Amino acid sequence: MEKQFRNVIVLSGCQATLQTTGVTMIAVTGLAGLALASDPAFATIPLTCYVLGSAITTIPASLLMGAIGRRAGFQAGTAIGMLGAAVCSAAMLAANFWVLCAGMTVMGVYTAFGKYYRFAAADAAKVEFRAKAISLTLAGGIAGGIIGPEMAKRTAHLFADHVYLGSYLSLIFVCLVATLLLTRLDIPQLSEHERRESGRPLSEIMRQPVFVVAALASMLSYGIMNLFMTSTPLAMRAHEHPFNDAAFVLQWHMIGMYGPSFVTGSLIQRFGVLNIVLAGIVLLFVCILAALAGTALLNFWVALFLLGVGWNFMYVGGSALLTECHAPAERAKTQAANDFMVFATMAVSSASSGLLLNKSGWHAVNYGSLPFLLLAAAATIWLMWQRRAAGTRPAVDPVPERVISD
């Protein structure tokens with residue numbers, strides 16, 4: 001089997017473990033925070049700490065992997081994940097809200113490393129396979145979307161005196177599985193010349209219209225998705241839906257997020273990356289309409305499923321666009337800047353979700369997303385017009401392809 005395909009299989013498996021931990025934490029942490037917090041408005045603070053942990057680590061994680069290689073960097077991340085899950089477990093044993101916040105911050109550090117799986121797949125792929133490599137790697141998340149909610153349901157009450165302790169303990173095992181999978185990853189490190197060569201200034205890279213739209217697609221898709229996901233278990237509880245219903249909705253949301261990844265790369269090749277990003281934006285508008293139409297289980301299910309599919313089109317599209325922006329020597333800082341902005345946006349949306357839901361209700365969460373969707377749509381249409389006016393097709397990659405050996 002060709003090396004680029006083997007790497008995608010390994011990274012897709014790692015994405016499954018990453019998403020399993022993410023879904024489990026989303027399913028239980030808002031509720032764990034609600035149980036431990038002195039004020040219900042603080043319930044999503046642990047999730048905000050999780051996002052902040054990711055935001056402050058995106059740049060160091062990318063630079064570290066540029067220096068020591070993808071495999072060693074990813075394994076450092078999974079080791080940190082095991083530590084974070086242990087701290088969260090200790091928090092549930094001690095019933096300590098602030099220890100839970102600390103543990104979730106460490107879990108955020110782990111997640112920052114894992115969010116580079118998609119870029120690692122593209123790094124080791126031939127030019128014509130890069131969009132598919134990104135989407136197929138993300139497709140591994142569908143396994144996490146199925147396993148995560150199921151694991152949350154089965155482990156949440158494993159210890160009668162310490163609700164959710166079992167869920168956090170299970171994450172230690174999931175991170176260990178990822179560590180073992182990564183022993184099969186084979187991605188060449190940058191050459192000595194590429195490590196010495198710094199490339200263009202980051203400010204110049206970020207001024208490119210394609211970078212602006214790529215970053216906005218990733219930032220706003222993740223920000224809006226996180227706003228909904230963080231508040232959905234709490235909103236469903238407020239409307240008297242049981243925990244199992246919330247887990248069911250999150251499960252289908254994850255299927256929506258990662259199921260399309262089996263075909264998103266092919267759709268990008270056929271219809272163009274900007275058309276796929278725009279289709280994702282339209283789906284998010286429909287998601288908001290479904291959520292505003294009512295608070296029955298069907299409304300939550302349809303809205304969260306469409307939210308997942310819309311996120312997939314925008315996020316895979318934005319990630320594919322980003323590969324057009326940089327040379328190999330510029331890769332680490334460009335990817336770091338992009339993902340830092342993604343996690344910073346997620347931090348704001350996570351902090352806002354609890355306040356919006358607690359103070360103004362579920363409809364406020366939905367209405368609050370609309371201006372950002374309009375911004376994403378305007379930016380995407382702007383780049384489409386700019387490219388049509390120039391009469392050029394977007395380059396798949398503006399820099400010479402590195403030789404990928406079998």
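Keeping to segment 206-235, report how many residues are assigned to a helix (DSSP H, G or I) and either out of contact with any helix residue (DSSP H, G or I) (no Cβ under 9 Å at 6 or more places or on another chain) or over 22 Å from Ala112 (Cα atoms) (or both). Lay out the reasoning, then the answer.
Of all residues in segment 206-235, those assigned to a helix (DSSP H, G or I) come to 206, 209-235.
Next, only the ones that are either out of contact with any helix residue (DSSP H, G or I) (no Cβ under 9 Å at 6 or more places or on another chain) or over 22 Å from Ala112 (Cα atoms) (or both) stay: 209-210, 232-235.
Residues in segment 206-235 being assigned to a helix (DSSP H, G or I) and either out of contact with any helix residue (DSSP H, G or I) (no Cβ under 9 Å at 6 or more places or on another chain) or over 22 Å from Ala112 (Cα atoms) (or both): 6 in total.
Which one of these is of a type in the set (Ser, Thr, Tyr) and either free of Cβ contacts under 8 Å to residues at least 12 places away in the same chain or not in a helix (DSSP H, G or I) (or both): Ser38, Ser89? Step through it out loud before you land on a result.
Details: Ser89 fails: either free of Cβ contacts under 8 Å to residues at least 12 places away in the same chain or not in a helix (DSSP H, G or I) (or both).
Exactly one residue qualifies, and that residue is Ser38.
Would you check if there is a residue in segment 264-274 being of a type outside the set (A, V, I, L, M, F, W, C), crowded, with 23+ Cβ neighbours inside 10 Å, closer than 22 Å to Gly148 by Cα and touching a Ser or Thr at 6+ places or on another chain (Cβ under 6 Å)?
Taking every residue of segment 264-274 in turn, none turns out to be of a type outside the set (A, V, I, L, M, F, W, C), crowded, with 23+ Cβ neighbours inside 10 Å, closer than 22 Å to Gly148 by Cα and touching a Ser or Thr at 6+ places or on another chain (Cβ under 6 Å).
Determine whether Thr137 is within 17 Å of the chain's Cα centre (by Cα) and among the β-branched types (Val, Ile, Thr). Steps first, please.
Numbers: within 17 Å of the chain's Cα centre (by Cα): yes; among the β-branched types (Val, Ile, Thr): yes.
Yes.
Return the only residue of Glu150, Glu128 being closer than 28 Å to Ala320 by Cβ and charged (D, E, K, R).
Values: Glu150 fails: closer than 28 Å to Ala320 by Cβ.
Result of the check over Glu150, Glu128: Glu128.
State all residues of segment 136-182 that are within 24 Å of Ala122 (Cα to Cα) and not small (Gly, Ala, Ser); if no residue qualifies, say none. Break it down stepwise before answering.
Just the residues of segment 136-182 that are within 24 Å of Ala122 (Cα to Cα), to begin with: 136-145, 175, 177-182.
The answer is Leu136, Thr137, Leu138, Ile142, Cys175, Val177, Thr179, Leu180, Leu181, Leu182.
Answer with yes or no whether His253 is within 30 Å of Tyr164 (Cβ to Cβ), in contact with a Leu (Cβ under 8 Å, 6 or more places away or on another chain) and part of a loop (DSSP other than H, G, I, E, B). It would help to see each step written out before you state the result.
Details: within 30 Å of Tyr164 (Cβ to Cβ): yes; in contact with a Leu (Cβ under 8 Å, 6 or more places away or on another chain): yes; part of a loop (DSSP other than H, G, I, E, B): no.
It is false that His253 is within 30 Å of Tyr164 (Cβ to Cβ), in contact with a Leu (Cβ under 8 Å, 6 or more places away or on another chain) and part of a loop (DSSP other than H, G, I, E, B).
If you scan segment 111-128, which residues turn out to be charged (D, E, K, R) and more than 20 Å from Ile80 (Cα to Cα)? Explain how you work it out, then say what you get.
Looking only at segment 111-128, we keep the residues that are charged (D, E, K, R), and these are 115, 118, 123, 126, 128.
Matches in segment 111-128: Asp123, Lys126, Glu128.
Does Ala94 meet the test of being surrounded by fewer than 18 Cβ atoms within 10 Å (Cβ to Cβ), without any contact (Cβ under 8 Å) to a residue 24 or more places away in the chain and closer than 22 Å to Gly33 by Cα? Lay out the reasoning, then the answer.
Numbers: surrounded by fewer than 18 Cβ atoms within 10 Å (Cβ to Cβ): yes; without any contact (Cβ under 8 Å) to a residue 24 or more places away in the chain: yes; closer than 22 Å to Gly33 by Cα: yes.
When the stated conditions are applied, Ala94 passes them.
Are there any pairs with C-beta distances below 6 angstrom linking a residue in segment 358-386 that is surrounded by fewer than 19 Cβ atoms within 10 Å (Cβ to Cβ) to a residue that is of a type in the set (Gly, Ala, Ser), with the two at least 6 apart or on different chains, and if so which?
Asn358/Ala41
Read-outs: derived from the displayed coordinates by stated rules, not from any lab. No experiment lies behind these values; they were computed from the predicted model shown. Cβ: placed from backbone, ideal geometry, glycine included. Neighbour counts: every protein chain shown.
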